[in-house]
Amino acid sequence: MSNLRPQRQFDLIAFDWDGTLYDSTRIIVDCIKDAVRDVGGVVPSDEQAAYVIGLSLEPALAHAAPDVPREKYPELSKRFSHYYVTRKEELVLFDGVLPMLSELRLQSFKIAVATGKNRTGLNHALESVELKDIFHASRTADETAGKPDPKMLFELMEEFRVLPSRTLMIGDTSHDLLMAQKAGCASIGVSYGAHKGESLEQYNPLFVAHSVHQLHHWIKENG
């Protein structure tokens, strides 16, 4: 029996940010709830707040607080941003993320970020010493389109001239996996972020990882 590894499946791997690489779900949920409370809306449950993570900010907040009138959306966004900024120093990478990303680069994968964050927020995070220059490219919702619109994946594939069949999207929400489906890409779900594993399975991911270690192992064996 041959011990040779099969030819790898993917050339481009796109990662969601919050809840996939960064352990930020709890903080974002708290900030959404505090922002809604400040503008007088009905405070969503943890599950309702977590559902909108990954969407563009204003649509996410509007979905989490359907009783808040449209004219209060700018104030709602400002209150969320206020709370998020006060807690951003609490945000950390999940254990194992940095070694995984570093190894993928060494193996000549193109690695990218496809996130619902805005460009300012993502750039601030990418300025950290540990992440500087580790990604080949990134796309944010404000410069392309919010998830599950596949525009950010289409742009990344075009930039690297990679076919959808050679592209893998990894994310913690149904919005990420639906975006991949719309782009014709394969996907992996991670259940340690905002959405539970059962809500990810409906989008037929190749795998649902319950830890970064499981995710890293799957990519090494199958990527």
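The values are calculated or read from the model by the stated rules, or taken from the named source; none is laboratory data. Being a predicted model, the structure only gives us computed values, none of them experimental. Glycine gets a Cβ as well: all are built from the backbone with ideal geometry, and neighbour counts include every protein chain shown.
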- Kindly check whether there is at least one residue in region 133-146 that is in a helix (DSSP H, G or I), out of contact with any Gly (no Cβ under 7 Å at 6 or more places or on another chain) and at pLDDT below 90. no
Going through region 108-122 in order, the residues found to be outside any helix (DSSP H, G or I) and touching a residue at least 24 places away in the same chain (Cβ under 8 Å) are F109, K110, I111, A112, V113, A114, T115, G116, K117, N118
Expected single match for over 22 Å from L101 (Cα atoms) and surrounded by fewer than 24 Cβ atoms within 10 Å (Cβ to Cβ) among S199, S191, S165 is S199
H82 in contact with a helix residue (DSSP H, G or I) (Cβ under 9 Å, 6 or more places away or on another chain), modelled with pLDDT under 90 and surrounded by 13 or more Cβ atoms within 10 Å (Cβ to Cβ):
no
Filtering region 151-171 down to residues that are within 21 Å of L55 (Cβ to Cβ) and in a helix (DSSP H, G or I) yields K151, M152, L153, F154, E155, L156
Of L126, L178, the only residue that is free of Cβ contacts under 8 Å to residues at least 40 places away in the same chain and closer than 23 Å to Y84 by Cβ is L126
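Quick grid of which residues meet (1) over 30 Å from F135 (Cα atoms); (2) in contact with a Leu (Cβ under 9 Å, 6 or more places away or on another chain):
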position: Q9; (1), (2): no, yes
position: W17; (1), (2): no, yes
position: K33; (1), (2): yes, no
position: A50; (1), (2): no, no
position: E58; (1), (2): no, yes
Restricted to region 91-105 and to residues being assigned to a helix (DSSP H, G or I) and under 18 Å from the mean Cα position of the chain (by Cα), the residue farthest from G19 (Cα to Cα) is L104
Of all helices (runs of 4 or more DSSP H) fully inside region 172-223, the set with 2 or more residues that are more than 16 Å from T115 (Cα to Cα) is 197-201, 212-222
Taking region 100-119 and keeping residues within 12 Å of F15 (Cα to Cα) and among the small types (G, A, S) leaves A112, A114, G116
I219 fails exactly one of (1) within 16 Å of the chain's Cα centre (by Cα); (2) buried (at least 20 other Cβ atoms within 10 Å of the Cβ), namely (1)
